[in-house]
Amino acid sequence: MKVTIVGAGNVGATCADVISYRGIASEVVLLDIREGFAEGKAMDISQCATNTGFNTKVSGVTNDYSKTAGSDVVVITSGIPRKPGMTREELIGINAGIVKSVADNVLQHSPDALIVVVSNPMDTMTYLTLKATGLPKNRIIGMGGALDSSRFKYYLSKALDKPSNDVSAMVIGGHGDTTMIPLTRLASYNGIPVSEFLSSEQLAKVAADTMVGGATLTGLLGTSAWYAPGASVAYLVDSILNDQKKMIACSVFLEGEYGQSDICIGVPCIIGKNGIEQILDINLDENEKALFAKSADAVRNMNQDLKS
Ligand code: NAI
C-alpha cells in the first residue's frame, strides 16, 4: 500500500515517520516544493529503519508528482501558516491555491486515491478539495477531530489521573478553538461516564483546555504542534489502509446529517478502505445541537472567504 504525503514539513514528516515505524504502509512518498527538503526528510526517516525495525520504503521528491503514481492515500499537509499582518482571507486564498493545485496534480497520477486534508483552515480546505475535484464525498476526508479528540482524552486522563488509553471521548464540530465541541456528556472511563468521577467544574475546565489545546502548544513551542497531528493522520491512514472501520471524528461533506448541508465539518465516521464508509448520526442533546449549529455557521462563514 502506497501513501503520498504532500508537504514534508513538521506535520507531514512526522506522519511519514509514524506510518513507517508502525508499518502502516509498504511505501511512503514525501513531496515538497522546497528543493531537496523532502529527499532529506525521507533519508533521515529511512535511516531509522535498522534501529526501530521497519521495512517501509520511504522516498522524497521535489515537486515530481510522477513518483507519487499509484498512491492509495494522499495526505495534503502543504500550506503556509498565517504571518503577521496577513488577513484570514489572504491566508485562505494562498492555502486554497496550494491545496487545489496539489489535489489536481496528485489525481493525475493517482486517480483512485483517497485524499486526507490536513492544511488549515482544515474544514474549509476539505470543502474546497471536494468542490474542486468533484470526487465523491467518501474520498475526501478532513483530519482534525482525531487530533482534537486525542487532546480531549489527554486532558480527561490528567483530570482523572488515569491512562489516556482507558478514556473514550470525541470532539465534533469545526476544527477551530471556538468551533470545536468536546462531547463531555458522552466521555467515559472504561465504559463509565466521566461525570461519575469529575465535577461539572472539572469537566468544563477539561473542555476549555481542549479547545485551546493547539494554541497552548503554539504558545509553548513558538510554532504549531506536529507530534500529535502527525500521529493523528497516521491513525486515520491506518484505519483506511487496513480497513479497520474505526469510528473517528472527521470533517466530511454533509447532506442533511445533523441538520446541515453543503458544508464539511467534524462528525463521527466509520473509516475503512473506502474512506468515509458511514456517517454516524449520534443523538445530541439540545445544548449540543445548538453548539453544532453555531459551529457550522462559523465554518460556513469561513467558506465564504473562498469566494472573495
Ligand atoms: P510546515 O510549514 O512545517 O510544512 C508545510 C510544508 O508544505 C513546507 O515544507 C512547505 O515547503 C510545503 N509546501 C508549501 N507549499 C507547497 C506546495 N505547493 N507543494 C508542496 N509542498 C508545499 O507546516 P506544518 O506545521 O507541517 O503544518 C502544515 C499544515 O497543517 C498547516 O496548514 C497547518 O496549519 C496544518 N495543521 C493542521 C492540523 C489539523 O489538525 N488539521 C494540525 C496541525 C497543523
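Projecting the Cα atoms of V18, L186, V167 onto the dipole axis of the chain, where Lys and Arg carry +1 and Asp and Glu carry -1 at the beta carbon, places V18 farthest toward the positive end. In plain terms, the C-alpha convex hull of the stretch 100-151 casts an average shadow of 3.6 nm² when viewed from every direction. Let's test this: bin the Cα-Cα distances of the stretch 21-67 at 10 Å from zero up to the farthest pair and state each bin's percent. Percent of Cα pairs in each bin: 30, 50, 20, 0. Legend: helices of the chain (whole DSSP H runs) are marked when their alpha-carbon atoms reach 20 angstrom or more along the helix axis and their mean Kyte-Doolittle hydropathy is at least 1.0; marked are 227-241.
Secondary-structure-derived ellipticity at 222 nm for the chain, considering helices only, amounts to -13500 deg cm²/dmol, per-run term -39500 (n - 2.57) for DSSP H runs with n ≥ 4. In summary, the convex hull built on the alpha carbon positions of the chain has an orientation-averaged projected area of 15.5 nm². Residues L147, L30, L160, arranged from fewest to most other Cβ atoms within 10 angstrom of their Cβ, appear as L160, L147, L30. Extension gain, S164 to K245: 0.36 nm times the residue separation minus the Cα-Cα distance gives 27.1 nm.
Exposure proxy for T129, T223, T124: other Cβ atoms within 10 Å of each Cβ, ordered fewest to most, give T223, T129, T124. Cβ-to-Cβ counts within 10 Å put Y227, Y127, Y154, Y258 in ascending order as Y227, Y154, Y258, Y127, the fewest first. When a/c reaches 1.5 or more, the comparison of a/b and b/c decides; with that in mind, is the stretch 163-243 rounded, prolate or oblate per its Cα gyration tensor? Cα axes put the stretch 163-243 in the oblate bin. With a cut-off of 16 Å on the backbone N, the residues of the stretch 1-40 near the modelled label site 7 Å out from T62 along Cα-Cβ are 7-9, 30-40. Rounded to whole numbers, the Karplus 3J(HN,Hα) couplings from phi for the stretch 53-69 are x, 10, 10, 4, 7, 10, 9, x, 9, 9, 6, 9, 5, 4, 6, 8, 3 Hz, using 6.51 cos²θ - 1.76 cosθ + 1.60 with θ = phi - 60°, and x at Gly and Pro. If a spin label sat at a point 7 angstrom from the Cα of I192 along the line to its beta carbon, the backbone N atoms of the stretch 141-162 nearer than 18 Å would be those of 156-162. Excluding same-chain neighbours fewer than eight residues apart, the lysines reachable from K83 by a Cα-Cα span under 23 Å are K100, K307. Only Cα pairs under 8 Å and 6+ residues apart enter the sum, and on that basis the relative contact order of the chain stands at 18 percent.
Taken together, the values in this text are just the output of simple stated rules run on the coordinates, not laboratory data. This structure is a prediction, so every number in the text was calculated from the model and none was measured. Reconstructed Cβ throughout: ideal geometry from the backbone, glycine too, with neighbour counts over all protein chains shown.
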